[in-house]
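Colleague: Starting off with a structure, shown below.
Read-outs throughout are calculated quantities, based only on the coordinates presented, and are distinct from any laboratory measurement. All values derive from a computational prediction rather than experimental measurement. Because the Cβ atoms are built from the backbone with ideal geometry, glycine has one as well, and the counts that use them run over all protein chains shown.
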Ligand code: NIG
Ligand code: FE
């Protein structure tokens, strides 16, 4: 028998329910329930609504009553739809060199860049990697993030990519939050690979993809489409093979140069992430497609680059999610809420657009239809902020963190 819990009264509950997936959102559209209550049943939401009205239902099902003693704003658990939190080592030296004006090439020559993290990650055991993912996901949980996408991509050989994805799978079994894994074996051509880009990608599709399916390691394939990584021509057959085998596609697109978003649209990828270099042409293409655009402000802050043109994407009618891209190189901060706030400030996004970007629209970027909003049958993932006005949350630019985080109907963090 699934148990009921009745939580409230909640000063403001932002359900994020009923918002359109695409296009600009005004703050007047934000669905707010004042003096709200949540009735959960097991891991799911049974009903949300006015506290007094639900109380009678809660009594009739003999719900456990969890009475809140002060003012809270409640939101769906946040979703970080793009991270690389499975890694070992630090790239603090890259950061210092970059800020001192050293070029990408100079940093790579000094032993930095993605390959440095590959070298470090290869020396870590599966167990060590698993622990590092658990540690980082638990840090995110305290910031209200109850679902985290995690990529491989620092292994870059069949065995090392498998090690990473097995570590992520194992971490998921030992966490309150849910991890969604993605294979990023196409992050760059490994320096120790004795062959061409095409040969490497063929090797991955032939010798890695089948194991991803049999071991249920991931349903998602990603690639870094960029001059320093894989070209559009290289990657199209790779993605097509992945689609044939039943995988969903997500693309590291238009970070420094365009063409990634074009291929994302052509193959109908679930999402195109980064987009800092997207021009009006790419923005229009994305907006007219079903591909979710994912802004990664953490990478702009980490690299000192332009932000993703989020305002233009929304005004063109696109769907915009916001994720942290937490990784040791370009985005070491790992603080989704702070980054989403900053993107909102610089790109002039409404609070509704920012909050939708880390809840309901982030769920769409992971093709998850059971979370990202508070409504009957959704997973009971939510967080409480100690304030009586939801505008305070983004106003504090990430410094107002949740007092309580609930995952699948259980209180998993409180301060
Ligand atoms: O999303 N752009 C490529 N990949 C990562 C960075 C990886 C790294 O620098 O280690 C990103 O920014
Ligand atoms: Fe990334």
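Colleague: Taking R0 as 35 Å, what FRET efficiency do you get between residue 194 and residue 92 from their Cβ-Cβ distance, rounded to the nearest 0.05? Intermediate values should be presented prior to the final figure.
Modeller: Details: r = 32 Å, r/R0 = 0.91.
Taking R0 as 35 Å, the efficiency between residue 194 and residue 92 is 0.65.
Colleague: Say we join alpha carbon atoms closer than 10 Å with springs in a Gaussian network model of the chain; which of 92, 299, 171 then has the biggest fluctuation?
Modeller: Result for the chain, Cα springs under 10 Å: 92 fluctuates most.
Colleague: Just 402, 31, 76 to compare: in a GNM of the chain, with alpha carbon springs under 10 Å, which one fluctuates most?
Modeller: Result for the chain, Cα springs under 10 Å: 31 fluctuates most.
Colleague: Taking the Cβ-Cβ separation of residue 53 and residue 126 as r and a Förster radius of 56 Å, what is the calculated FRET efficiency to the nearest 0.05? Before the final figure, lay out each step's value.
Modeller: On the way: r = 50 Å, r/R0 = 0.90.
After rounding to 0.05, the efficiency reads 0.65.
Colleague: Still on this structure, please answer the following. Multiply the residue separation of residue 399 and residue 110 by 0.36 nm, subtract the distance between their alpha-carbon atoms, and state the gained length in nm to one decimal.
Modeller: Values: separation 289, 0.36 × 289 = 104.04 nm, distance 3.56 nm.
Value of the extension gain: 100.5 nm.
Colleague: Just to confirm the number: angle between the C-alpha axis of helix 126-142 and the first principal axis of the chain, 0 to 90 degrees, nearest 10?
Modeller: Here the helix axis deviates by roughly 40 degrees.
Colleague: Right, another one. Most fluctuating residue of 16, 333, 97 in a GNM of the chain with Cα springs under 10 Å: which is it?
Modeller: 97
Colleague: For the chain, what proportion of DSSP beta bridges, expressed in % and rounded to the nearest 5, is antiparallel? Can you show the working numbers first?
Modeller: On the way: 26 of 58 bridges.
Here the antiparallel bridges make up roughly 45 percent for the chain.
Colleague: Another question, if that's okay. How far is the Cα center of region 89-149 from the Cα center of region 262-310, in Å?
Modeller: If we compute the Cα centre of each part, the gap is 23 Å.
Colleague: Where does helix 51-60 land angle-wise versus the long Cα axis of the chain, in degrees 0 to 90, nearest 10?
Modeller: Approximately 80 degrees, to the nearest ten.
Colleague: Once both labels are modelled 7 Å past Cα along the beta-carbon direction, what's the residue 280-residue 244 spacing in nm?
Modeller: 4.0
Colleague: Another one. Considering Cα pairs under 8 angstrom that are at least six residues apart, work out the relative contact order of region 79-365 and quote it in whole percent.
Modeller: Working: 590 pairs, mean separation 47.7, N = 287.
17 percent.
Colleague: Related question: Give the span of the chain's Cα atoms along each principal axis, as three whole-Å numbers ordered largest to smallest.
Modeller: Rounded to whole Å, the extents work out to 69, 43, 42 Å.
Colleague: Rounded to the nearest 0.05, what FRET efficiency do residue 159 and residue 231 give with R0 = 22 Å and r taken as the Cβ-Cβ distance? Could you check? Intermediate results must be reported in sequence, preceding the final value.
Modeller: On the way: r = 26 Å, r/R0 = 1.18.
About 0.25, to the nearest 0.05.
Colleague: Follow-up question, since we're still on this one. With label points built 7 Å along Cα→Cβ from the Cα atoms of residue 174 and residue 213, find their separation and express it in nm.
Modeller: 3.1
Colleague: Here's another thing I want to ask about it. Report the extension gain between residue 67 and residue 138 in nm, rounded to one decimal, defined as 0.36 nm multiplied by the number of residues separating them, less their alpha carbon distance. Please list the in-between numbers first.
Modeller: Details: separation 71, 0.36 × 71 = 25.56 nm, distance 2.58 nm.
Computed gain between residue 67 and residue 138 is 23.0 nm.
Colleague: By counting other Cβ atoms within 10 Å of each Cβ, how are 165, 217 ranked from fewest to most?
Modeller: Going from least to most buried by this count: 217, 165.
Colleague: Rank the residues 82, 46, 197 as a footprinting-exposure proxy: fewest other Cβ atoms within 10 Å of their Cβ go first.
Modeller: Details: 82 32, 46 22, 197 18.
Arranged by neighbour count, lowest to highest, 82, 46, 197 become 197, 46, 82.
Colleague: Please work out the C-alpha center-to-center distance from region 333-376 to region 383-415 and express it in whole Å.
Modeller: When both Cα centres are located, 14 Å separates them.
Colleague: Round to the nearest 10 and give me the degree value, 0 to 90, for the angle of helix 158-173's Cα axis relative to the longest principal axis of the chain.
Modeller: It is inclined by approximately 10 degrees.
Colleague: Got a sec? How would 2, 176 order by Cβ neighbour count within 10 Å, fewest to most?
Modeller: Going from least to most buried by this count: 2, 176.
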